[in-house]
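Trainee: One structure follows; several queries about it will come next.
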Amino acid sequence: MIAVEGLRLDYRTGIRRVRALDGVDLVLRRAATTAIVGESGSGKSSLVTALLRLLPPGASLSGKITVEGRNIMSLSEKELSASYRWTTVSLVLQGAMNAFTPVLTLGRQIAEVLEVHRRLSRTEAMGKAAALLEETGLPRSWTARYPHELSGGQKQRAAIAMALACDPLYLLADEPTTALDVITQAEIVTLLKGLTRWRGLGLVLVTHDLALASAVADRLVVLQAGRVVDEGPTERLLDAPGHGHTTSLLEALKTLEASDHD
Amino acid sequence: MTEIVRLDGVGHLFAGRGGIAPSRALHPLSFSLHESRSLALVGESGSGKTTLLRLILGLEEPTEGTVSLFGADPAAPGEEALRARRRCGYVPQDPFGGLPPTLSVLDAAAEPLLLPGSDIDGALARRQARELLRLCLLEESLWAARAGMSLSGGQRQRVCLARALVTDPDLLLADEPTSMQDSQTRRRLVELLQARSARGKTLLFVTHDLVLARAVTERAVVLLRGRIVEEGPTEDLLSRAIHPYTRALAAALPRLGQPLAAPPPALGPAPPGSCPFVDRCPHRMPACASAPPLRSVAEGRRAACWQEAPQKPTG
Ligand SMILES: Nc1ncnc2c1ncn2[C@@H]1O[C@H](COP(=O)(O)OP(=O)(O)OP(=O)(O)O)[C@@H](O)[C@H]1O
Ligand code: SF4
Ligand SMILES: [Mg+2]
C-alpha cells in the first residue's frame, strides 16, 4: 500500500513560489488500477514525481509518504536509488519524455538499470533485458536496436520493459499514451493492464483523459489545485460524483462527445 | 472561393544516411483547402501528418509535386513566400521543444508580433498577448514564469496555441493542439477554434481523434502510412466510414464508462506496395497485395479500398 498524508509541494523559481500540492491525502492499493485525473496544472505530474522523490532543485516537499510500511520521506538519496526507485516504485513517462539515450542500444540501457539496482552481471542483465522486451511484445533480438529505430508505440513498450526490469511493486505511468494515436493507445493500455495484473502490481495511471481513465481504472482520484477533491470506485464516481468538479469534468466530456462543427 | 492550400501530387522521401535506405513519408497525394473552410488530417503517429504540415509551411520541400500556400510556393526564397507564411499560425506537436526556454510566458506569446519588419510596438504586442493568454486559459499568475520550464505539459501546449493565434492568422495549422488538455479546458479551446471558424478563418487540424475532429472541422482526410485512405465530411467518417482503417480509428476511441475495444491484431508486416492496412485488416483478400487507388465513392467522398461493396453507409 502507498499511503500519502498531508503532502505539500512548493516549486520556487526566482521569486515565484507555486504550491503544486496542497495537502494531499491518498491511499493507493497494490491490487488495483488507479487513475489520477484532473485539470491541466492541477498537480498530477507533481504528485507522481513527489511519490518517487524526484523533484527539481528549489522544490520543497513535506508531509508523509509510506510505501509498504516504509517511511519514504526519511530515505537518503542513496537509499532511494538502492532500494526504492525502480525496485519498489517505477515510472513510465509520456513517449517523448522517456529518457532513452539515443547513443545506446535498448539492451544496454535496460541492462544498466539491472546492473545498478539489482547488481546483476552484464551477461545476466542482457539475458533479462531480452526476456523483458519479449514480455512487452517486442522481439528478443531488439536488445541490439537503438531507440530511433522504433515507432512511438514500440518505444513505449520498451519503456515499460525498462520500468518492469527490477520487479517493482508499483508502476506509475504519467500520460503514457498522450503522444500516440488511439489504436496504439489501446494496445499500450491493454499491455499495461495485462502485465500489471499478471505480475500482481499496482498500476497508477495519470491521464488528462477521463474517458480513458474510466475505461481502464478500478478507482479514480480527482485532483484540483493540488488537492484530492473526489475519489472512489470508477463506477460510483461516474454515476454519482462526490464533488462538483468531477461533475464539471464529466459534463465537458459529454458535450465534446456530442459536439458537431457547424 | 479562394484556394488557401493546394497540394498537387505531393510526395516526400526522406534521404537515407550512412547505409540506411531512404524512407517514404508520403506517397503522391492531392487535396486543397479553401478560404473559411476547415479540414482535419487524421491518422496514426508516423502516418505523415506532421510532414504534410511542414511541407505546407515550406519548412520542408517536397521531393515530388507542388505545394501552394496563398498562391505562392512556400519553400521558395523571397517576399511572396514570406508573406504567405506570415498569414499562417502554427502549433507544433511537441510543446516541450516548441517554446523559447528563456522567455517569460507573456514575452513568448508576444514574440510572433515582434518579428523583424513588424510595425507593432512592444506595449501593443503585450496587450494582445495578454488577451490571447486569457483566451487560452492561462492565469495571470503564470505570465511571469519561464515558458520553456516551470509549466505543466498542458500549460505549455496552451502557450504554443496562444503564440500561434496572437497574429490572428488567416490560416491556422495545428498539430494535436489539445492532446494534453483535460475535458473542460479542451472544450473551451474547441469553442475558441469554432469562434475563429465562424469569423471566416481557415483551419487545418491534425489529430487522431475523430470525435474531436468532428467538433472543429467540416471535412477530414484520413492518412495511413503516407497515403490518403479516405476523405469526406468529418461527421460521415465518424458515423459511416467506408475504409476499415477509419472504422478501426473510431472504434479505438475511449468512451466514458465503456471498456476499451481491443484493436485489430497485426497479422504480419505489410509488404511494400500493398494496401497500407493489409497487416491489420479483417477483410483482406488477394487483391490487397497492391495498393488500391483513391476513388470517388459518393458525393464528396473518396476511399482507397478493394472491397467490392464497401460497408453500406447506414442511416
Ligand atoms: N518545475 C516547475 N517549476 C515551477 N512550477 C512548476 C514546475 N512544474 C510544474 N509547476 C507548476 O505546478 C503546478 C502543477 O503542475 P503539474 O505539472 O503537476 O500539473 P499536471 O496536473 O500534471 O498538469 P498537465 O495535465 O498539464 O500535465 C502548475 O501550476 C505548474 O505551473
Ligand atoms: S484494400 Fe484490402 S486490406 Fe486494404 S482496407 Fe481494403 S480490404 Fe482491407
Ligand atoms: Mg502532467
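Trainee: For the range B:33-46, state whether one or more residues are part of a loop (DSSP other than H, G, I, E, B), within 14 Å of chain A (Cβ to nearest Cβ) and over 16 Å from the mean Cα position of the chain (by Cα).
Mentor: Within the range B:33-46, one or more residues are part of a loop (DSSP other than H, G, I, E, B), within 14 Å of chain A (Cβ to nearest Cβ) and over 16 Å from the mean Cα position of the chain (by Cα).
Trainee: Take A:ILE65 and decide whether it is in contact with an Asp or Glu (Cβ under 9 Å, 6 or more places away or on another chain) and of a type in the set (Val, Ile, Thr).
Mentor: Yes: the conditions hold for A:ILE65.
Trainee: Moving on. Looking only at residues that are within 12 Å of ligand 1 (Cβ to nearest atom) and surrounded by fewer than 22 Cβ atoms within 10 Å (Cβ to Cβ) in the range A:203-225, which one is farthest from B:SER183 (Cα to Cα)?
Mentor: Among residues in the range A:203-225 that are within 12 Å of ligand 1 (Cβ to nearest atom) and surrounded by fewer than 22 Cβ atoms within 10 Å (Cβ to Cβ), the one farthest from B:SER183 (Cα to Cα) is A:ALA225.
Trainee: Might you let me know whether the range A:38-48 holds any residue that is among the basic types (Lys, Arg) and touching a Leu at 6+ places or on another chain (Cβ under 7 Å)?
Mentor: The answer is yes, given that some residue of the range A:38-48 is among the basic types (Lys, Arg) and touching a Leu at 6+ places or on another chain (Cβ under 7 Å).
Trainee: Kindly indicate which of A:LEU249, A:LEU212, A:LEU223 is at pLDDT 95 or above, of a type outside the set (Ser, Thr, Tyr), within 16 Å of ligand 3 (Cβ to nearest atom) and outside any strand (DSSP E or B).
Mentor: The conditions single out A:LEU212.
Trainee: Touching a strand residue (DSSP E or B) at 6+ places or on another chain (Cβ under 6 Å), away from ligand 2 (no atom under 16 Å from the Cβ) and either touching a residue at least 12 places away in the same chain (Cβ under 8 Å) or of a type outside the set (A, V, I, L, M) (or both), is that true of A:LEU195?
Mentor: Judged against the criteria, A:LEU195 is not a match.
Trainee: Another question, then. Just need a number here: residues in the range A:16-61 that are in contact (Cβ under 8 Å) with a residue 60 or more places away in the chain and more than 14 Å from every other protein chain (Cβ to nearest Cβ).
Mentor: Within the range A:16-61, residues that are in contact (Cβ under 8 Å) with a residue 60 or more places away in the chain and more than 14 Å from every other protein chain (Cβ to nearest Cβ) number 13.
Trainee: If the requirement is being more than 14 Å from chain B (Cβ to nearest Cβ), part of a helix (DSSP H, G or I) and touching a Leu at 6+ places or on another chain (Cβ under 8 Å), which of these qualifies: A:THR190, A:THR123, A:THR196?
Mentor: Step by step, each of A:THR190, A:THR123, A:THR196 is checked, and only A:THR196 is more than 14 Å from chain B (Cβ to nearest Cβ), part of a helix (DSSP H, G or I) and touching a Leu at 6+ places or on another chain (Cβ under 8 Å).
Trainee: Looking at (1) surrounded by fewer than 21 Cβ atoms within 10 Å (Cβ to Cβ); (2) in contact (Cβ under 8 Å) with a residue 24 or more places away in the chain, which is the only condition A:LEU171 fails?
Mentor: (1)
Trainee: Same structure, new question: Residues that are closer than 27 Å to B:ARG188 by Cα and not charged (D, E, K, R): which strands (runs of 3 or more DSSP E) entirely in the range A:1-68 hold 1 or more of them?
Mentor: Ranges flagged: A:16-28, A:33-38.
Trainee: So, one more: Within the range A:151-161, identify whether any single residue is within 11 Å of chain B (Cβ to nearest Cβ), modelled with pLDDT under 95 and outside any helix (DSSP H, G or I), and answer yes or no.
Mentor: Yes, the range A:151-161 contains a residue that is within 11 Å of chain B (Cβ to nearest Cβ), modelled with pLDDT under 95 and outside any helix (DSSP H, G or I).
Trainee: Output the residues belonging to the range A:16-66 that are on the phi > 0 side of the Ramachandran plot and of a type in the set (Lys, Arg).
Mentor: A:ARG53
The values are calculated or read from the model by the stated rules, or taken from the named source; none is laboratory data. Note that this is a predicted model, so its numbers are computed, not measured. Cβ coordinates were reconstructed from backbone atoms using ideal geometry, including for glycine residues, and neighbour counts include every protein chain displayed.
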